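Okay, so here's the structure we're looking at.
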Protein chains: 2
Amino acid sequence: MFGLMQDRPLLVSSLIEYAASIHGDTEVVSRLADGIHRSSWRTIHTRAKQLAKALLALGVKPGDRVATLAWNSHRHLELYYAVSGIGAVLHTVNPRLFPEQLTYIINHAEDSLLLLDAMFLPLVSKLRPHLSTVKQFVLLADEAATTPAREQLPGLLSYETLVAGQDAEFVWPVFDENTAASLCYTSGTTGNPKGVLYSHRSTLLHALASCMKDILALSSRECVLLIVPMFHANGWGVPYSAAMAGAKLVFPGAALDGASVCELLRGEGCTLSMGVPTVWLGMLAHLEKHPEARPTQLRRGLIGGSAAARSLIARLESELSMEVIHLWGMTEMSPVGTGALRPRRWEAMTSDQQLDLKVKQGRVMWGVEMKIVDDNGRELPHDGKAFGLVKVRGPWIAKSYFKAEGGTIIDEDGFFSTGDVATIDSEGFMQITDRAKDVIKSGGEWISSIDLENAALAHPAVQEAAVIGIAHPTWQERPLLLAQLKPGLTATRDELMEVLTQKVAKWWLPDEILFVSELPHTATGKLNKLKLRELYRDHKLPT
Amino acid sequence: MFGLMQDRPLLVSSLIEYAASIHGDTEVVSRLADGIHRSSWRTIHTRAKQLAKALLALGVKPGDRVATLAWNSHRHLELYYAVSGIGAVLHTVNPRLFPEQLTYIINHAEDSLLLLDAMFLPLVSKLRPHLSTVKQFVLLADEAATTPAREQLPGLLSYETLVAGQDAEFVWPVFDENTAASLCYTSGTTGNPKGVLYSHRSTLLHALASCMKDILALSSRECVLLIVPMFHANGWGVPYSAAMAGAKLVFPGAALDGASVCELLRGEGCTLSMGVPTVWLGMLAHLEKHPEARPTQLRRGLIGGSAAARSLIARLESELSMEVIHLWGMTEMSPVGTGALRPRRWEAMTSDQQLDLKVKQGRVMWGVEMKIVDDNGRELPHDGKAFGLVKVRGPWIAKSYFKAEGGTIIDEDGFFSTGDVATIDSEGFMQITDRAKDVIKSGGEWISSIDLENAALAHPAVQEAAVIGIAHPTWQERPLLLAQLKPGLTATRDELMEVLTQKVAKWWLPDEILFVSELPHTATGKLNKLKLRELYRDHKLPT
C-alpha cells in the first residue's frame, strides 16, 4: 500500500525558488577581480532564470554537460541553478589540474559549453585546440571585458550579454529527481580522473542532512564565507544548503590568502566559514602579524578536505574563540559523511579530552551507513582499535563513475569502498589511520604507515618520515622507514628504533630504516608514496 | 540522463538503525503509571526488532493497519518503528475522541490489531462489540498486568510477553519509499474524520527538514520532552527526528498537568519541549505557586496546534528565560509547515517588534510552497494586508485522504487547501486571520471573523465575542456579532460599535450586535461557530 502524500520531486530549482521567495533580501556577496559585488537571493534567482533561457537559446539540452572553470562568485552560483535547473549537467572543472588532465576531463565529459573566469583565458586558449566537444566559450564578464579577450579566444561570448538578452519570465521545468544535476571529477593517484555524477535527489538529500545542527547548522541568520572552491565536490554542497536555510553567502573569488580571507570575514560579519587546513593556517599566520584583522563575528569553522592537525584545531579555538567542526568525506560522498556530532557527555569532558575527539574524523550523520572491513571483506568491531577499509552506503554516495570508468565500485551489499583505512570506536567516532593503498599488509594483519611515520617524528632530529611496504617472502609485506633529518642534526638507526619501540607494537617495527636527503612530494604537497614505492620496488630488506 | 548515486530508499527503519548504532547509549525516558522507565536508543531498536518478529508471527502483513490507543511512552516508540519497519501501517488513534468516532475510525481504517494502554481498557471493552475488523487486542503491559485485564477483554495479549517471545535477529526489509508508513485521522467540524496516510518518504523528508536550525534544531546534545501526543500527527514527527539527530527523548505518559511536566523537565534536564498552548499555560500556573519547580535547563519551547497568544509567548520568554518558537501546520502537512525563521534584521529589532513577529505563524521552511488565493483561486499579493485562503504544496503534504474520502483535495497545480485564511508579508511571514469557513464573504471581499471578535474584546465589559456571516440579499453575507458580557457589567450596542469603529474598516462593521447570556463551545473549548450558524440560519439582519 502506498502513502497518499504529494508526488513532488526533489529538484535543485526548488532551493533557489525558496531562497528568493522567503529570503529574497538576504545578500550574496562576491569578491571579484575589480572589487566587492553585492547581490541577493532574489537577484540570483532572477538572473538564473535569464541565464537558463540564454542557455536554452544556445541549444543546451537536458543531459548536456556545461563546464565551468571558475572561482567562487555570484555568477558561478547562478550557473549552479541555471544549468541544473533546466535539466542539464553542471560540470565544475578544477583549474588547478595539469593541462593534460583538463583536456582529458573536458573531452571525457563531452562538455558542449565552457564558461570561464578571465584569469583562465591563457589556459583555455592553450587547451582549445585539444577540446573536441566544446562548441562555445563564455567569459564570466561583461561585454567590455569580453571584447579584448576575443583576441585570445575568437567567438568568445559575454556572460552578462547573454543574461541581459533574456527576461526572467521562466518556469523551472519539473522532471524526475534522479536526473543528473552536476558532475565532478576526482583524480586518484592512479589511472585517469573519474567523474561523479550527482542527481537532483542526492544533492537535495545531502543539503538537507548537512544543514543539521551537528553538521553545518545553517540558518537564516548565519553568514557563510565559502572558501572551499565550488569545483570541489560542489563546494561541500553549501551553494545548495545556504539557499535551503536562507543564509547570507559570501564568495572569496580567487583571493584565498590570509589577509583577503580575514578582510572578507570581518567586513561581511561572517559567522561561519569552511575550508581546507591550509586556508586556516594562512589566516592564523596573517593574524599573528595583524591582530586587528581578527574576524569578530566568526563563531564556527568547518575543516575538511584533509585531516586537521590537533595544533590547528587548538589554535583556532583559543585564538579566535571559535568552535571547530572537523568534517570528513569525499567527492564520491557529495561530499560530507561525518562530522563532529559531539556526544552527550561532552560538557563533562576536559578540553584535552574534547580535543581528542575533535581530531578524529567524527561520526556519520544520518543517511550514511559505515563499516570497516578486513582484507576478506569481514566486518571489524567498533572498538577503537581494529582498523580496516572504510566502506559507506547511502542515498548521496556514488554507485558508479561516469561512463562506468573503473568498473564496479560498490560491493554486493551496495557499499562503496572509500580507500581510507580507519578505526571506529564504540560511540561511532571514526579515525583515519591510513589510505588503503599505503597500509602495510604483514602476515594477514595491517600496519598503519601513518602511525609509524608519526611515531618516528617523536625523535627530535627527524624532519619528515615515510613508511612503505616492501615485498617479503614470508609476511607478504614488511615496513621500510625512510627518514629525512633536520639540517645539522643527526640520529642513528638504533636511536630511532628505540623511539618507535615506545610507541608501537613490536611486530610493527620497520625491518629497515634508511636516512634520505629528500622525500618526494606531490603537486599538492603530500608525500608521494606512489613514487617511493616505484623507487624501492626491488629493494631487498635485511633478513 | 540519470545521476549515478546509490538507490537507497528513504525508510523509517533507517532512523532507528542510525540512532542505535551511533547514539545507542542515549536515553529514552518514559513516565509510566507506575514510575519512571529508562531505556536507550539501542534498547528501543532491539525491542523494536523483537516486536517486529512478534507482529509478523501474529500474521501482520505489509499494508495491514495496526492501531494504537496510547499515550507517549517507549512502547509507543517501539511500535512506531516495528510496525512501519515491516511495511505495515501504524494507525495512531486519538483516545480523546467520542466512542462513535473511535468506532468509525477503527472500522474505516480496517485495523487488524489494536494495542492499548491499560487506562483505555474500559473504553475498548465498550467499543469491542462494534469493532468489525480488529482480530486481536494487545495490552501495553507485562503478563502480570494483562492477566486480570482479560476479564474485561477476553483473549487480550501482553505486549511484554510478545516481545520476550522473540529474539532480535532481524533485518529490516527494504521496500519502496512511497510505501505507507502511518495513518492519522483528522476530525473536521463537518463530515466524518478523514485519514492522512503518510509514506516512508514523506516521513523522512519531514523529519530532515524539521531538524533544521530554524525549526526544531535537534542535535545529539538536546534532550526533548515530547508533550505533543504521539497520536497527533505523529507527535510532530519528533519520534523520527529525535532518532535522526540522536537526541535524548523523554515521554510524559498521560500526566500532562503543570506539576508533572515541570518535574520531568527538571529531573531529566530537558533543553527543549513542544506542546499546545494549554500545556504551557498549565506549566506557568504551576510555577507561579511553585517557583522551585522551574526547569533550569529548558532553553526552547515549541508551540503549535493552535495559535499562541502574545501574552503566553512573552511570559514564557521572560519568566523561563527560554526562546519560544511558534509553529504552524496540520495533520495533512505531517504536520510542520512554518516556523519562526527569524530574519537577519532580528538583532536590530526591539523586543516588542520581535514579539510582533513571534505571534505570527512564521515563514515556510524549505519544502513547503505556500500561496494565498481569493474566492476565484487568484493568487493574492504578499503585502501583509491581503488575506486569502492558504494553499500549500510539497513532498510531505497530503494529496488525498485514505480511501479518497472527501474526493479531490488538491487543485490543478497540486496545492492543498488548508482551510485557513491568512496574510503573508513581503518577508514571507504568514498570519492566520480566520478559518475559511468562518470568514464573512461580503460583496466579493472577505471580512475576518477573528479580527472583529478581537476588536470587540477591547470593550472592557465584553467577556467573549463571536462573529458569523448571515445571508444577505445584496452582499451575499454580512457580519452578525454576538457578545457575552462579563458578570455584572453592561454595554450598549452603540458603545460596542464605537469601539469597533476605531479598529476596523467601516464596511467591516457588523450589521447587528446581539447580547447573549452564553456562547456555545466545542469539546475542546473552541467557539462552536457551526452551532451558531445553525442557530442563526434564518436570522434576518436589520435593513
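The values are calculated or read from the model by the stated rules, or taken from the named source; none is laboratory data. Please read all numbers here as calculations on a predicted model, not as lab measurements. Note that each Cβ is placed from the backbone with ideal geometry, even for glycine, and that neighbours are counted across all protein chains shown. Each accessible area value is taken on the protein alone, full model and side chains, heavy atoms only, with ligands, DNA and RNA left out. Shrake-Rupley method; radii C 1.70, N 1.55, O 1.52, S 1.80 Å.
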**Fill in**
Considering only strands (runs of 3 or more DSSP E) wholly within the stretch B:169-242, the ones with at least 1 residues that are modelled with pLDDT of 95 or more and β-branched (Val, Ile, Thr) are B:194-199, B:223-226
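I'd like to check something: does the stretch A:115-123 contain any residue that is farther than 27 Å from A:TYR240 by Cβ, more than 14 Å from every other protein chain (Cβ to nearest Cβ), assigned to a loop (DSSP other than H, G, I, E, B) and open to solvent by 60 Å² or more (accessible area, probe 1.4 Å)? Explain how you work it out, then say what you get.
Let us first name the residues in the stretch A:115-123 that are farther than 27 Å from A:TYR240 by Cβ, namely A:121-123.
With the extra rule that they be more than 14 Å from every other protein chain (Cβ to nearest Cβ), the set shrinks to A:121-123.
Now drop any that are not assigned to a loop (DSSP other than H, G, I, E, B), which leaves none.
No, there is no match, as no residue in the stretch A:115-123 is farther than 27 Å from A:TYR240 by Cβ, more than 14 Å from every other protein chain (Cβ to nearest Cβ), assigned to a loop (DSSP other than H, G, I, E, B) and open to solvent by 60 Å² or more (accessible area, probe 1.4 Å).
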**Fill in**
Taking the stretch B:259-283 and keeping residues at pLDDT 95 or above, among the small types (Gly, Ala, Ser) and either surrounded by 21 or more Cβ atoms within 10 Å (Cβ to Cβ) or assigned to a helix (DSSP H, G or I) (or both) leaves B:ALA259, B:SER260, B:GLY267, B:SER273
**Test: B:GLY269 is out of contact with any Ser or Thr (no Cβ under 6 Å at 6 or more places or on another chain), within 14 Å of chain A (Cβ to nearest Cβ) and on the phi > 0 side of the Ramachandran plot** = yes
**Request:** Scan the stretch A:435-460 residue by residue and report those that are in a loop (DSSP other than H, G, I, E, B), surrounded by 17 or more Cβ atoms within 10 Å (Cβ to Cβ) and more than 28 Å from the chain's Cα centre (by Cα).
**Result:** A:HIS459
**Scan of the stretch A:195-217 for residues that are of a type in the set (Gly, Ala, Ser) and touching a residue at least 60 places away in the same chain (Cβ under 8 Å), ordered by number** = A:GLY195, A:SER202, A:ALA207, A:ALA209, A:SER210, A:ALA217
**the stretch B:225-260 - residue that is of a type in the set (A, V, I, L, M) and under 21 Å from A:LEU216 (Cα atoms) and, of those, nearest to the other protein chains (Cβ to nearest Cβ)** = B:MET244
**Asked** Quick check: is even one residue across the stretch B:246-269 β-branched (Val, Ile, Thr) and within 15 Å of the chain's Cα centre (by Cα)?
**Response** no
**Those residues of the stretch A:24-55 which are in contact (Cβ under 8 Å) with a residue 40 or more places away in the chain, open to solvent by less than 10 Å² (accessible area, probe 1.4 Å) and either within 7 Å of chain B (Cβ to nearest Cβ) or not in a strand (DSSP E or B) (or both), in sequence order** = A:TRP41, A:LEU51, A:ALA52, A:ALA54, A:LEU55
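Return the total of residues in the stretch B:417-434 being part of a loop (DSSP other than H, G, I, E, B) and closer than 18 Å to B:TRP328 by Cβ.
Residues of the stretch B:417-434 part of a loop (DSSP other than H, G, I, E, B): B:425-429.
With closer than 18 Å to B:TRP328 by Cβ added as a condition, the list becomes B:425, B:427-429.
Of the residues in that region, 4 qualify.
If I go through the stretch B:59-114 residue by residue, how many of them are within 24 Å of B:VAL174 (Cβ to Cβ), not in a strand (DSSP E or B) and not aromatic (Phe, Trp, Tyr)?
Residues of the stretch B:59-114 within 24 Å of B:VAL174 (Cβ to Cβ): B:59-66, B:77-91, B:112-113.
Narrowing further to those that are not in a strand (DSSP E or B): B:59-64, B:77-88, B:112.
Right, trim to not aromatic (Phe, Trp, Tyr) and you get B:59-64, B:77-79, B:82-88, B:112.
So the answer is 17.
Listed residues A:LYS371, A:LYS360; which is of a type in the set (Lys, Arg) and more than 12 Å from chain B (Cβ to nearest Cβ)? Give the steps one after another, and end with the answer.
Working: A:LYS371 fails: more than 12 Å from chain B (Cβ to nearest Cβ).
On inspection, the qualifying residue turns out to be A:LYS360.
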**Selection from the stretch A:314-328 of residues that are open to solvent by less than 60 Å² (accessible area, probe 1.4 Å) and assigned to a helix (DSSP H, G or I)** = A:ALA314, A:LEU316, A:GLU317, A:LEU320
